[in-house]
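Participant: Let me give you the structure first, and then I'll get to my questions.
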Amino acid sequence: MSRYGSPVINIINEHLGPLLVSESCMATEKLWDMMTRMASPYGGGGLAPYAISAIDLALWDLKGKLLKRPVYELIGGPTRDHIDCYATGNDTDWHISNGFMATKMACPYGPADGLRALDLNEDFISKKRHLVGDEIDLMVDCWMSFDVDFAVRFAERMKPYRLRWIEDCLMPDDLDGQAELRKRLPTQTLATGEHWYTLSPFTNAVSRRSVDIFQPDLAWSGGLTGCLKIATIAEGASISVIPHAGMNTPYGQHFGMAVTNSPKGEYFVASAPGVPFDEVKLTPGMQTPCNGVVTPSNEPGFGLGLTLDGIQAMTV
Ligand SMILES: [Mg+2]
C-alpha cells in the first residue's frame, strides 16, 4: 500500500522487485538494506522510500501470516494494553465528544499573513483552549509554513495556552534551522520528521538534540524496518516517536503497540463530524479509536482483512 501511483509502482515493479526475486521473504532486515542501497543513487528522500516502505510492510505482513502471529508480537511484543490516541483536525468539539484527551489543530495563519498572523492565531487558539478546558492537550501543526523568526514569535505568544507541542515549523531539509529553532526556544516541545525519509536527518536531530518528538510515517520512512531503526536511535536520546497518522493504518498501530518510546498515536480525523470512524477506515480488518484509545487487531500479520476484490477496489 503506498501513494503517488505509477511512479512508485514502477520503482517496485521495474527496479526493486526483480532484484529481490529468490531472496528469503523472512529476511526483512537484509532486504531493507538491499533496497536502501539499490535506491540510494536516485532517491534517498524522493519517491524511492515510498516504494521501499510498501515492500517492507508487505514482507512484514507476509511474515506474520506465515508465522500465524500479529506483527506487534514479532517486533518485541506488546508494551501496553492499548494505545492512547490524539485526534488531528480542526473539528475540536467532535474530537472531544469522541473521548480524545488530546487534539491537534492545523495552524491557520503564517508569515505570509504578516505579523497580524500572530493576533489571528492567538484568537483561534485561545478559543480552542477555552472550548476544551485545562485537562485536554492541545497541539499545533504548522506544516512547514513557518520560518525560524516567526516560529519563535508564535511560540512565545502562545505560551498562555500551554501547547503540548508545536509541529513541523520548517521545511524538512532545513536541519540547521531546526537546530537554531531549538536554541531560541529551549523550553517549547518541538515535533517533526514527517517528511524525513532516511535515517540521516533523525541521527542529525539526535546529535544536536534539536527535536523532542520524531514523527516518521510508516509508509514513507522505510516501512516498519526503517521506523524501528528510527525508534532505536531516538530511544538512546530519550526522544519519543509518534508516527505520522500512525493510528490511521494497521502498520502504525502495530508499531505503537510494541515500541516503548512511542507514548501516543496520531489519528487524523478524515471524516466529517458525525461520520463513524469505522466508515472511513483504510482496510476492513483494522481497528479504529474508541473513547480515545485503540488496540490493534491480533489477527496474523497486520490483520489487514483484505481480499483480492477489496484490493482492486482500492487501486487507483
Ligand atoms: Mg503533521
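The values are calculated or read from the model by the stated rules, or taken from the named source; none is laboratory data. What you see is a predicted model; the values in this text were computed from it and never measured. Every residue, glycine as well, gets a Cβ built from its backbone with ideal geometry; the counts of neighbours run over all protein chains shown. When the accessible area is computed, the model is the full protein with side chains, heavy atoms only, and any ligands, DNA or RNA have been set aside. Shrake-Rupley method; radii C 1.70, N 1.55, O 1.52, S 1.80 Å.
Participant: Condition first: farther than 30 Å from residue 10 by Cα, more than 16 Å from the ligand (Cβ to nearest atom), in a strand (DSSP E or B) and within 21 Å of the chain's Cα centre (by Cα). Can you find one or more residues in segment 84-107 that meet it?
Facilitator: yes
Participant: Next question. Report whether or not residue 72 is hydroxyl-bearing (Ser, Thr, Tyr), at pLDDT 95 or above and touching a Pro at 6+ places or on another chain (Cβ under 7 Å). Spell out the reasoning first.
Facilitator: Values: hydroxyl-bearing (Ser, Thr, Tyr): yes; at pLDDT 95 or above: yes; touching a Pro at 6+ places or on another chain (Cβ under 7 Å): yes.
So residue 72 fits the description; yes.
Participant: Do you know which residues across segment 35-58 are of a type outside the set (Phe, Trp, Tyr), open to solvent by less than 20 Å² (accessible area, probe 1.4 Å) and under 20 Å from the mean Cα position of the chain (by Cα)?
Facilitator: Filtering segment 35-58 for residues of a type outside the set (Phe, Trp, Tyr) gives 35-41, 43-49, 51-58.
Those still in the list that are open to solvent by less than 20 Å² (accessible area, probe 1.4 Å) too: 35, 39, 43, 48-49, 51-54, 56-57.
Result: 48, 49, 51, 52, 53, 54, 56, 57.
Participant: Can you pull out every residue in segment 289-316 that is touching a residue at least 24 places away in the same chain (Cβ under 8 Å) and among the polar types (S, T, N, Q)?
Facilitator: 291, 295, 297, 298
Participant: Please count how many residues of segment 300-316 are surrounded by 18 or more Cβ atoms within 10 Å (Cβ to Cβ) and not aliphatic (A, V, I, L, M).
Facilitator: Residues flagged as surrounded by 18 or more Cβ atoms within 10 Å (Cβ to Cβ) and not aliphatic (A, V, I, L, M) within segment 300-316 amount to 4.
Participant: Answer yes or no as to whether residue 152 is open to solvent by less than 20 Å² (accessible area, probe 1.4 Å), more than 23 Å from residue 264 (Cβ to Cβ) and touching a Lys or Arg at 6+ places or on another chain (Cβ under 9 Å). Show your work before the answer.
Facilitator: Working: open to solvent by less than 20 Å² (accessible area, probe 1.4 Å): yes; more than 23 Å from residue 264 (Cβ to Cβ): yes; touching a Lys or Arg at 6+ places or on another chain (Cβ under 9 Å): yes.
The answer is yes for residue 152.
Participant: Being more than 16 Å from the ligand (Cβ to nearest atom) and open to solvent by 70 Å² or more (accessible area, probe 1.4 Å) is the filter here, so list the residues in segment 260-269 that pass it.
Facilitator: Answer for segment 260-269, where residues must be more than 16 Å from the ligand (Cβ to nearest atom) and open to solvent by 70 Å² or more (accessible area, probe 1.4 Å): just 260.
Participant: Being within 15 Å of the ligand (Cβ to nearest atom) and either more than 11 Å from the chain's Cα centre (by Cα) or open to solvent by 10 Å² or more (accessible area, probe 1.4 Å) (or both) is the filter here, so list the residues in segment 228-246 that pass it.
Facilitator: Keep residues of segment 228-246 that are within 15 Å of the ligand (Cβ to nearest atom), which gives 240-246.
Matches in segment 228-246: 240, 244, 245.
Participant: Kindly provide the set of residues from segment 137-151 that are more than 16 Å from the ligand (Cβ to nearest atom) and more than 15 Å from residue 122 (Cβ to Cβ), ordered by number. I'd like the intermediate steps shown before the answer.
Facilitator: First, pick out the residues of segment 137-151 that are more than 16 Å from the ligand (Cβ to nearest atom): 147-150.
If the condition is that a residue be more than 16 Å from the ligand (Cβ to nearest atom) and more than 15 Å from residue 122 (Cβ to Cβ), then 147, 148, 149 are the ones that fit.
Participant: Which of the residues spanning segment 270-297 are surrounded by fewer than 23 Cβ atoms within 10 Å (Cβ to Cβ), within 17 Å of residue 93 (Cα to Cα) and in contact with a helix residue (DSSP H, G or I) (Cβ under 7 Å, 6 or more places away or on another chain)?
Facilitator: 270, 271, 273
Participant: Going by the structure shown, is residue 210 open to solvent by less than 10 Å² (accessible area, probe 1.4 Å), touching a Lys or Arg at 6+ places or on another chain (Cβ under 8 Å) and either more than 16 Å from the ligand (Cβ to nearest atom) or in contact (Cβ under 8 Å) with a residue 12 or more places away in the chain (or both)?
Facilitator: On the way: open to solvent by less than 10 Å² (accessible area, probe 1.4 Å): yes; touching a Lys or Arg at 6+ places or on another chain (Cβ under 8 Å): yes; either more than 16 Å from the ligand (Cβ to nearest atom) or in contact (Cβ under 8 Å) with a residue 12 or more places away in the chain (or both): yes.
Considered against the rule, which asks whether it is open to solvent by less than 10 Å² (accessible area, probe 1.4 Å), touching a Lys or Arg at 6+ places or on another chain (Cβ under 8 Å) and either more than 16 Å from the ligand (Cβ to nearest atom) or in contact (Cβ under 8 Å) with a residue 12 or more places away in the chain (or both), residue 210 comes out as yes.
Participant: To continue, here is another question. Return yes when residue 191 is within 18 Å of residue 263 (Cα to Cα) and in contact with an Asp or Glu (Cβ under 9 Å, 6 or more places away or on another chain) and no when it is not.
Facilitator: Working: within 18 Å of residue 263 (Cα to Cα): yes; in contact with an Asp or Glu (Cβ under 9 Å, 6 or more places away or on another chain): yes.
It is true that residue 191 is within 18 Å of residue 263 (Cα to Cα) and in contact with an Asp or Glu (Cβ under 9 Å, 6 or more places away or on another chain).
Participant: Could you look through segment 165-198, keep only residues that are of a type in the set (Ser, Thr, Tyr) and in contact with a strand residue (DSSP E or B) (Cβ under 8 Å, 6 or more places away or on another chain), and pick out the one that is most open to solvent (accessible area, probe 1.4 Å)?
Facilitator: Narrowing segment 165-198 to residues of a type in the set (Ser, Thr, Tyr): 187, 189, 192, 197-198.
Narrowing further to those that are in contact with a strand residue (DSSP E or B) (Cβ under 8 Å, 6 or more places away or on another chain): 189, 192.
Values: 189: 36, 192: 11 Å².
Here the residue is 189.
Condition check ((1) open to solvent by 30 Å² or more (accessible area, probe 1.4 Å); (2) in the same structural domain as residue 247 (by TED's automatic domain parsing); (3) of a type in the set (Phe, Trp, Tyr)) across all residues:
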site	(1), (2), (3)
64	no, no, no
78	yes, yes, no
85	no, yes, no
93	yes, yes, no
107	no, yes, no
113	yes, yes, no
119	yes, yes, no
127	yes, yes, no
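Participant: Now for a different question. Does residue 48 meet the test of being touching a residue at least 24 places away in the same chain (Cβ under 8 Å) and in contact with a Phe, Trp or Tyr (Cβ under 7 Å, 6 or more places away or on another chain)? It would help to see each step written out before you state the result.
Facilitator: Values: touching a residue at least 24 places away in the same chain (Cβ under 8 Å): yes; in contact with a Phe, Trp or Tyr (Cβ under 7 Å, 6 or more places away or on another chain): yes.
Considered against the rule, which asks whether it is touching a residue at least 24 places away in the same chain (Cβ under 8 Å) and in contact with a Phe, Trp or Tyr (Cβ under 7 Å, 6 or more places away or on another chain), residue 48 comes out as yes.
Participant: Return yes when residue 106 is within 22 Å of residue 160 (Cα to Cα), small (Gly, Ala, Ser) and at pLDDT 95 or above and no when it is not. Let's see the steps before the verdict.
Facilitator: Working: within 22 Å of residue 160 (Cα to Cα): yes; small (Gly, Ala, Ser): yes; at pLDDT 95 or above: yes.
Answer is yes for this residue.
Participant: Would you point out which residue out of 225, 249, 189 is β-branched (Val, Ile, Thr) and more than 16 Å from the ligand (Cβ to nearest atom)?
Facilitator: Values: 249 fails: more than 16 Å from the ligand (Cβ to nearest atom); 189 fails: more than 16 Å from the ligand (Cβ to nearest atom).
Within the list 225, 249, 189, the selection yields 225.
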